[in-house]
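The values are calculated or read from the model by the stated rules, or taken from the named source; none is laboratory data. Note that this is a predicted model, so its numbers are computed, not measured. Please note: Cβ atoms are built from the backbone with ideal geometry, for glycine as well, and neighbour counts cover all protein chains shown. Accessible surface areas use protein heavy atoms only, side chains included; no ligands, DNA or RNA. Shrake-Rupley method; radii C 1.70, N 1.55, O 1.52, S 1.80 Å.
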Amino acid sequence: MTSSTETLLKDDFADAVIEGLSQRRKVIPARYFYDRKGSELFEAITALPEYYPTRTETALLDAHAPEIGRIAGPGKVVVEFGSGSSMKTPVFVEAVRAAAYVPIDISADFLRDAAAGLSRALPDLDILPVAADFTKPIALPRSVEGRSMIGFFPGSTIGNLSHAAAVDLLRAFRITLGADPWLAIGIDLRKNPRLIEAAYDDAAGVTAAFNLNLLARVNRELGGDIPLDAFEHHAVWNDDLGRIEMHLAATRDVRFHAAGETFFLRDGETIHTENSHKYMIEETRLLARAAGWQPIRYWTDARDLFSLHLWRG
Ligand code: AVI
């Protein structure tokens, strides 16, 4: 990343923190979790016994990605939204017999790592990384223009968005993917709230560390003096809105500085840091339709924990 890009991103973080902490219901947007440390902690979360999504989705992809390839047809260009450093990418790219792979990510660092990892796993694959914000329609490299494409959006990242933002994102994907777009997307399902709460508040405290790293990041990058021991991790199921919410709750009255401002939270007040929406299958169909996609097929595991979908634009 160039230093001017870093400065821009830092300003963006400062603006988001000032805006979010100035509100009566305080928030810091979840996209700021993923600095180096946060990304490492997230990788650790995906291996936790309580965090069922990653292992369940990986098993679904192992079992059904070849079928996705058969239905959509071989020789597609796979476009991954959010670079895949995980093991899911080679499995998918191989199973659908991709002609080329286009990872898209706003972070040039993550993109470089993902491209390097995949070229080790699949040395003959044509890899064309794109550093861009994929939440808006974007132009893909000339060399894949006019070719049939399948988007890949695993991990139920869609769940971290509000319904309206999810529809906007899925519309943008459809436009980015050209004239005959397909999409393979993983979506976490609504289930017993106890299972969901455990997945977001694990016994080893990794998710708590992931959440608290956001405040540590404010201290590191925005000259903050937030006392981390004055906050604790909360994960709360919101049944009305069908989502698990993560908050950082003040355990006493606390005053601190960050990004050149002074902030105050009362004992028990929280900073809302993430929503992770869980869908019913019927709701996934409505989501697809609202964004102009046609649901083609979906697969779930035996316990109905997680779902993998194939849509056509
Ligand atoms: C990235 N995203 C899909 C994860 C989720 O499950 O919502 C982020 C996460 N937050 C806490 N644990 C995992």
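With respect to Leu212, is the statement that it is surrounded by fewer than 19 Cβ atoms within 10 Å (Cβ to Cβ) and touching a residue at least 24 places away in the same chain (Cβ under 8 Å) true? Write out each step before concluding.
Details: surrounded by fewer than 19 Cβ atoms within 10 Å (Cβ to Cβ): no; touching a residue at least 24 places away in the same chain (Cβ under 8 Å): yes.
Criteria not met by Leu212.
Just the residues that are in a helix (DSSP H, G or I) and without any contact (Cβ under 8 Å) to a residue 60 or more places away in the chain, please, taken from the stretch 239-282. Full working, then the answer.
Restricting attention to the stretch 239-282, the residues satisfying the condition of being in a helix (DSSP H, G or I) are 281-282.
If the condition is that a residue be in a helix (DSSP H, G or I) and without any contact (Cβ under 8 Å) to a residue 60 or more places away in the chain, then Glu282 is the only one that fits.
Which one of the conditions (1) open to solvent by less than 40 Å² (accessible area, probe 1.4 Å); (2) under 23 Å from the mean Cα position of the chain (by Cα) does Gly313 fail to meet, given that it meets all the rest?
That leaves (1) as the condition not met.
Could you say which residue among Ile127, Ile106 is open to solvent by 70 Å² or more (accessible area, probe 1.4 Å) and over 24 Å from Ile296 (Cβ atoms)?
That would be Ile106, the only listed residue that is open to solvent by 70 Å² or more (accessible area, probe 1.4 Å) and over 24 Å from Ile296 (Cβ atoms).
Against the definition (under 15 Å from His309 (Cα atoms), touching a helix residue (DSSP H, G or I) at 6+ places or on another chain (Cβ under 9 Å) and either within 16 Å of the ligand (Cβ to nearest atom) or among the aromatic types (Phe, Trp, Tyr) (or both)), how does Thr46 come out, yes or no? I'd like the intermediate steps shown before the answer.
Details: under 15 Å from His309 (Cα atoms): no; touching a helix residue (DSSP H, G or I) at 6+ places or on another chain (Cβ under 9 Å): yes; either within 16 Å of the ligand (Cβ to nearest atom) or among the aromatic types (Phe, Trp, Tyr) (or both): yes.
Judged against the criteria, Thr46 is not a match.
For the subset of the stretch 290-302 comprising residues that are on the phi < 0 side of the Ramachandran plot, touching a residue at least 24 places away in the same chain (Cβ under 8 Å) and not hydroxyl-bearing (Ser, Thr, Tyr), which member is most open to solvent (accessible area, probe 1.4 Å)?
Going residue by residue through the stretch 290-302, those that are on the phi < 0 side of the Ramachandran plot are 290-291, 293-302.
Still in the list and also touching a residue at least 24 places away in the same chain (Cβ under 8 Å): 290-291, 293, 296-297, 299-301.
Okay, now just the ones that are also not hydroxyl-bearing (Ser, Thr, Tyr), so 290-291, 293, 296-297, 299, 301.
Values: Ala290: 41, Ala291: 1, Trp293: 4, Ile296: 64, Arg297: 101, Trp299: 13, Asp301: 29 Å².
Across the stretch 290-302, the extreme among qualifying residues is Arg297.
Condition first: in contact with a helix residue (DSSP H, G or I) (Cβ under 9 Å, 6 or more places away or on another chain), closer than 22 Å to Pro154 by Cα, within 16 Å of the ligand (Cβ to nearest atom) and at pLDDT 95 or above. Can you find one or more residues in the stretch 210-219 that meet it? Steps first, answer last, please.
The initial filter retains those residues of the stretch 210-219 that are in contact with a helix residue (DSSP H, G or I) (Cβ under 9 Å, 6 or more places away or on another chain), namely 210-219.
Next, only the ones that are closer than 22 Å to Pro154 by Cα stay: 210-211.
Filter once more, so that each one left must be within 16 Å of the ligand (Cβ to nearest atom): 210-211.
Applying the additional criterion that residues be at pLDDT 95 or above yields 210-211.
So far as the stretch 210-219 goes, yes, one or more of its residues are in contact with a helix residue (DSSP H, G or I) (Cβ under 9 Å, 6 or more places away or on another chain), closer than 22 Å to Pro154 by Cα, within 16 Å of the ligand (Cβ to nearest atom) and at pLDDT 95 or above.
For residues in the stretch 16-35 being within 16 Å of the ligand (Cβ to nearest atom) and out of contact with any Lys or Arg (no Cβ under 6 Å at 6 or more places or on another chain), which is farthest from Ile106 (Cα to Cα)?
Looking at the filtered set, the residue picked out is Val27.
Condition check: under 19 Å from the mean Cα position of the chain (by Cα), surrounded by 16 or more Cβ atoms within 10 Å (Cβ to Cβ), under 30 Å from Asp180 (Cβ atoms) and away from the ligand (no atom under 16 Å from the Cβ). Does Leu287 satisfy that?
Judged against the criteria, Leu287 is not a match.
One line per residue, one yes/no per condition, for (1) within 13 Å of the ligand (Cβ to nearest atom); (2) surrounded by fewer than 16 Cβ atoms within 10 Å (Cβ to Cβ):
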site	(1), (2)
Pro154	yes, no
Thr157	yes, no
Ala164	no, yes
Arg174	no, no
Ala179	no, yes
Thr207	yes, no
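Among the residues of the stretch 264-276, is any surrounded by fewer than 17 Cβ atoms within 10 Å (Cβ to Cβ) and within 23 Å of Lys191 (Cβ to Cβ)? Working first, answer last.
Quick first cut of the stretch 264-276, residues surrounded by fewer than 17 Cβ atoms within 10 Å (Cβ to Cβ) only: 264, 266-269.
Within this subset, residues satisfying the condition of being within 23 Å of Lys191 (Cβ to Cβ) are none.
Checked against the condition, which is being surrounded by fewer than 17 Cβ atoms within 10 Å (Cβ to Cβ) and within 23 Å of Lys191 (Cβ to Cβ), the stretch 264-276 yields no hits at all.
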